[in-house]
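Handing you a structure now.
The values are calculated or read from the model by the stated rules, or taken from the named source; none is laboratory data. Bear in mind the structure is a predicted one, so any value in this text is a computation, not a measurement. Cβ: placed from backbone, ideal geometry, glycine included. Neighbour counts: every protein chain shown.
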Amino acid sequence: MPNNSGTAGVDPRALNIAGSTQPELFDGTVQAIRQQLRNHPAAFWQQALSQDGPIEIWEIHGRRYLCNGNHRWFAALEEGVTIPVDNIRIIDKTGSQIPTWQLNQMTRLPGTK
């Protein structure tokens, strides 16, 4: 799976994401990120890391949930590109009581966030 950013990358599917700590996803935001990943992937990942931090994945009772970076993860998945290793952080949140949604329970909304 190509990365195009010049760094080692991780296939979004390999992260075994079960869901998210947020119930919605904005389609316009995902589409805009997909366009950036097609045109300037290295610049996109660098800017995203400096402005928004890494994609943060919380591991709760052995299952992985997106906490920060939902739109970036979905865009990379749909675009078929890897995510640079530096742009991913996995945190053990066992015992967390935060609400979670399975991927198929998330609502895809029009527009941007």
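Would you mention how many residues in region 72-97 are over 16 Å from the mean Cα position of the chain (by Cα) and either modelled with pLDDT of 95 or more or of a type in the set (S, T, N, Q) (or both)? Quick ask: steps written out before the conclusion?
The initial filter retains those residues of region 72-97 that are over 16 Å from the mean Cα position of the chain (by Cα), namely 92-97.
Retained after the next criterion (residues that are either modelled with pLDDT of 95 or more or of a type in the set (S, T, N, Q) (or both)): 92-94, 96-97.
So the count comes out to 5.
Would you be able to tell me the number of residues in region 61-71 that are modelled with pLDDT of 95 or more and farther than 25 Å from GLY9 by Cβ?
Counting residues in region 61-71 that are modelled with pLDDT of 95 or more and farther than 25 Å from GLY9 by Cβ gives 0.
Here is a follow-up. Which of the residues spanning region 10-34 are part of a helix (DSSP H, G or I) and within 18 Å of LYS113 (Cα to Cα)?
The answer is ASP27, GLY28, THR29, VAL30, GLN31, ALA32, ILE33, ARG34.
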